[in-house]
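Right, one structure below, let's go through it.
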Amino acid sequence: MSAVLTNTPTAAPLHQASPGLWTLAWRRLKRDKIGMVSLIVVVFFLLLMLGSYAGIVAGNWSKEVGVSYANPSFMAGAENLDAVKAKVDANAEKIPYVDLSDIDPLAPRYKEWEERTAKIKITETPRSDTLIFGGDKWGRDVLQKAIKGAQTSILVGLVAALFATVIGTTLGAISGYMGGKIGDFLEWFYNIFTSIPYILLILAFAAVFSSSPSLAPYRGVPMVVAILAFTGWTGIYRLIRSEYIKHASREYVKAAQAIGATHSRRMFVHILPNVSHVCLVQLSQHVVQFIKAEVILSFLGLGVPVDSVSWGTMLAEAQSELVIGKWWQLAAAGISMAILVTAFSMLTDSLRDALDPKIK
Amino acid sequence: MGAYVLRRLWQMIPTLAGVMLLIFVLFNWVGGDPALVLAGKITNKEQIENIRKQLGVDQPSYIQLAYFGFEVATGFTCTWRSYTEKPTDSPKPTADAKADTKTDTKADTTDAAKAAPSGCQAVRSWATNEEVPKILTSRIGPTLTIMIPVLILETVFGVILAIGVAYVRGSLTDRMIMMVCTVAMSISFLVYIIVAQYYFGFKWGMFPVQGWSDSFWKNLTTYAPLPILLAVFVGLAPALRLYRSFFLDEINNDYVRTARAKGLAEKTVMLKHVLRNAMIPILTNIGIALPGIFVGSFLLESFFSIPGLGREILVAVNRSDFPVIKAATVYLAMITMLINLAVDVLYKAVDPRVSFK
């Protein structure tokens, strides 16, 4: 506290309101260079996600703009059978036309057909031989796919982590604050979930949810979010519960009781702000974990549907592409995910340091 | 000690009951009508009704739950229906025959139960009609062939590297290694597997791309090395970071200073004093990871065509083969609880300060 005050050059007035936890944490975070760089990267990815959601970037990711497996533009000279084929086709048109009408039984109708086809306008977009970061099997731009994939993966990670934090915090708060029979019951509930190995729990939920006819309309993103949130809340519950046990007997909570605050008011208005930093760190940690999990689930075909794209489905396509030497889809999905996850985990570490009330 | 173990075993009962309840609720209610899942594309009402009877889902839910409890208690080797029922002539009902036969369940059940416990029929997989206990026991071997070496190698390398890194804490080497670990951890496991399988297996031919055999030795020396190396490599970064923090927690303690002050060699201080104290949280961590070796890495198993438990569960999930998933979940939960107990008892051996309450 005093260190902060001496840093300000002008003499601070005596009655200056002392900065709160969040103000102090923000100041500490600003001093952390790695933290700030990761924050910028994460914000960039979030903006990218919003942009692609609004259709500003990667709006035509599903358009087949290049030849199949178009080369990345920085290695335009590489072998590409489809590009070669297109050139051969273009040359083939110059081959002189041989009149076969005397032996062709359909010849009299050619004229009629030609007239008909002339009425229909076909605008064939010229397919380019190279794309910025290459093309996939159908000639879609891999870079745009990676952005669109980021949108799906980040959305799933964020929303699932949010739900898991809400579930974990609510149950943990009730269990830690109430204790007694309710606490025992919630502990039992927690033990059930933790005694099943995590991977197995996810797969069991995935099996049930995906075979249920009544949940069929929620296939895809909502279902992945539900699977991850229902299985991933346990760690948060554990931490929040121990925090609430600690806080429930503190003086400020007793004071709140004395002025007649109800249980729920004490739990969520008085104590919750004091443990919210734990929630935030857990939230950001779970975003990373869930993004990784979503990629694996989508890869296995248990995640987002085939018509949308995520980093997981890109990796699933990339596996067979690598064998024929088309590495760029693997690189695009792998690198963009690695950048985001690295930045997010380093941001989590910085947040944890910045929010630690013991460091002033 | 004996009393402690007994009490812990006693406490497992409600948890296990809860696990069974969760699985029951998930697979019988949330997952929709199990008969419809099994029936698949059959739309004949009568056949579906038969399947429903066959599975026992025409009964009230508490009886269904009792059926499930009986199956769990007998290790899925005996369904309640087959136990109480007169043994039928066709012991191996096929998917279609199942629906047609054995509709007369009420007939002389009591006599048959006394006379012929041999009428027991194991729960069968919906997809392959294989007996579920056989599936699970035959798949566990390959999984352990991969996962036990992984756990051993990961722990040994993790501890050795972590103690080295913790010793030079704060130096450039330390920071570089931690940085590499963070980046390595953020690359998807999928990318590692795809790339390694392509280069080591396909392109350079150092290992077989995939496969498995009947001989344990051949598996361990030919087919297992690449998956094992991959899992160790990927698992090393998080282990190193974690173990390093355990060593750092110990390295600043007073007893370390005392040991140095009395003139002990650095090697003795690190390997005798610090290592032994840091082993306690490391053991906890291994205890947490231990149940996971039974599930195995389902990704590795499916990429490398290893007929292990993880791949089996994954296949079952894709086929909506509920009996296999249910059985695997219940038994792995039991194994997890027993391992946790074993780890807690082992603490006593490692740390004399621990006492059983």
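With R₀ set to 41 Å, the beta-carbon distance separating B:Met206 from B:Asp174 gives a calculated FRET efficiency near 0.80.
What's the long-distance tail for the range A:208-298, i.e. % of Cα pairs beyond 20 Å? Roughly 53 percent, once rounded to a whole number. For the residues B:Thr173, B:Thr222, A:Thr348, a 1.4 Å probe over the protein chains yields an accessible-area ranking, largest first, of B:Thr173, B:Thr222, A:Thr348. In terms of its C-alpha gyration tensor, the range A:152-275 has a prolate overall shape, because the principal axis ratio a/c (a ≥ b ≥ c, square roots of the eigenvalues) is not below 1.5 and a/b outweighs b/c.
Taking each residue in B:17-27, count the Cβ atoms of any other chain within 10 Å of its Cβ, then average. What number comes out?
4
Each of B:Phe200, B:Phe68 has its accessible area taken with a 1.4 Å probe; listed largest first, they run B:Phe200, B:Phe68.
Kirkwood Rh, chain B, all Cα pairs: how many Å?
The Cα-based Kirkwood calculation yields 24.1 Å.
In this structure the range B:277-357 gives 37 Å² per residue of accessible area when probed at 1.4 Å with all protein chains present.
What size of dipole, in debye to the nearest 20, comes out for chain A about its Cα centre when the only charges are +1 on Lys and Arg C-beta atoms and -1 on Asp and Glu C-beta atoms? Let's see the in-between values first.
Details: 33 positive and 27 negative charges, 394 e Å.
Value, rounded to 20: 1900 debye.
Roughly how big is the range B:215-301's charge dipole about its Cα centre, with Cβ charges of +1 (Lys, Arg) and -1 (Asp, Glu), in debye to the nearest 20?
Values: 9 positive and 5 negative charges, 70 e Å.
Charge dipole, the range B:215-301, about its Cα centre: 340 debye, nearest 20.
Working note: 222 nm ellipticity from helices only, DSSP H runs with n ≥ 4, each -39,500 (n - 2.57), summed and divided by the residues of chain B, gives -20500 deg cm²/dmol to the nearest 500.
Could you work out the mean projected area of the convex hull around the alpha carbons of the range B:247-310, in square nanometres to one decimal? Working shown, then result.
On the way: hull surface 23.7 nm².
The orientation-averaged projected area of the Cα hull of the range B:247-310 comes to 5.9 nm².
Each residue of the range A:205-360 gets 141 Å³ once the volume of the Cα convex hull is shared out per residue. A:Glu243 contributes an accessible area of around 40 Å² to the protein surface, as traced by a 1.4 Å probe with all chains present.
Counting only protein chains, not ligands or nucleic acids, how are A:Tyr218, A:Tyr198 ordered by accessible area (probe 1.4 Å), most first?
Details: A:Tyr218 130, A:Tyr198 85 Å².
The residues order as A:Tyr218, A:Tyr198, largest area first.
Taking Cα atoms of the range B:161-242, Rg/Rh with Kirkwood Rh, to two decimals?
1.10
Return the value, in Å² to the nearest 100, of accessible area buried between chains A and B (probe 1.4 Å, both sides summed). Write down the numbers at each step before the final one.
Values: alone 21110 and 19700 Å², together 37200 Å².
Buried area (both sides, nearest 100 Å²): 3600 Å².
Working note: Karplus 6.51/-1.76/1.60 with θ = phi - 60° gives the range A:143-158 the couplings 5, 5, 4, 5, 5, 5, x, 4, 4, 4, 5, 5, 4, 4, x, 5 Hz, where Gly and Pro are set to x. Ligands, DNA and RNA excluded, the heavy atoms of A:Phe44 present near 120 Å² of accessible surface to a 1.4 Å solvent probe. Here's how it looks for A:Leu131: its modeled amide H is under 5 Å from those of A:Asn71, A:Ser73, which are all 5 or more places away or on a different chain.
Peptide A:323-330 shows a mean partner chain C-beta count of 2 within 10 Å per residue C-beta. For chain A, how big is the tail of P(r) above 33 Å, as a whole percent of Cα pairs? It works out to 50 percent of all Cα pairs.
Which peptide among B:187-196, B:321-330 comes first, and what is the full order, when sorted by highest mean count of other Cβ atoms within 10 Å? Intermediate results must be reported in sequence, preceding the final value.
Values: B:187-196: 20.7, B:321-330: 24.9.
The peptides rank, most packed first, as B:321-330, B:187-196.
Protection proxy ranking, highest mean first, for peptides B:128-140, A:245-257, A:277-289: A:277-289, B:128-140, A:245-257, where packing is the per-residue count of other beta-carbon atoms within 10 Å, averaged. To the nearest 10 degrees, how steep is helix A:198-211 against the longest Cα principal axis of chain A, on a 0 to 90 scale? Orientation of helix A:198-211: about 60 degrees from the principal axis.
Between Rg and the Kirkwood Rh of the range A:133-176, both from Cα atoms, what is the Rg to Rh ratio?
Values: Rg = 17.9 Å, Rh = 12.8 Å.
Radius of gyration relative to Kirkwood radius: 1.40.
Taking chain B as a Gaussian network, where each spring joins two C-alpha atoms under 10 Å apart, which residue of B:Val168, B:Val232, B:Val317 fluctuates the most? Most flexible of the set in this elastic network: B:Val168.
Around A:Ala173, under 15 Å between beta carbons, what's the net of Lys plus Arg minus Asp minus Glu among the other residues? Walk me through the intermediate numbers first.
Working: positive: A:Arg238, A:Arg241, A:Lys246, A:Arg250, A:Arg265, A:Arg266; negative: A:Glu187, A:Glu243.
In short, +4.
Residues in the range B:193-206 carry Karplus couplings, in order, of 5, 4, 5, 5, 5, 5, 6, 6, x, 7, 7, 9, x, 6 Hz; the curve used is 6.51 cos²θ - 1.76 cosθ + 1.60 with θ = phi - 60°, and Gly or Pro positions show x. Remark on the protein assembly as shown: Rg and Dmax equal 30.7, 110 Å (Cα only).
Rounded to the nearest whole Å², what accessible area per residue is found for the range A:227-360 with the 1.4 Å probe?
40
The HN-Hα couplings worked out from phi for the range A:230-247 by the Karplus form 6.51 cos²θ - 1.76 cosθ + 1.60 (θ = phi - 60°) are 6, 9, x, 7, 5, x, 5, 3, 3, 5, 5, 4, 5, 5, 5, 4, 5, 6 Hz, whole numbers, x standing for Gly and Pro. Per-atom-type breakdown for the protein assembly as shown gives carbon and sulfur 64% of the accessible area (1.4 Å probe, protein chains only).
Can you give me the convex hull volume of the Cα atoms of the range A:148-211, divided per residue and expressed in Å³? Please report the intermediate quantities before stating the final value.
On the way: hull volume 6.2 nm³, N = 64.
Here the figure is 96 Å³ per residue.
Using a 4.7 Å Cβ-Cβ cutoff, the cysteines of the protein assembly as shown lacking any partner cysteine are A:Cys279, B:Cys181.
In terms of the mean number of neighbouring beta-carbon atoms within 10 Å, the peptides A:154-163, A:55-64, B:51-60 order highest first as A:154-163, B:51-60, A:55-64.
The values are calculated or read from the model by the stated rules, or taken from the named source; none is laboratory data. Because the structure is predicted, anything quoted here is derived from the model rather than measured. Positions of Cβ are generated from backbone atoms using ideal geometry, with glycine treated the same way; all protein chains shown enter the neighbour counts. Calculation scope for accessible area: heavy atoms of the full protein, side chains included, ligands and nucleic acids excluded. Shrake-Rupley method; radii C 1.70, N 1.55, O 1.52, S 1.80 Å.
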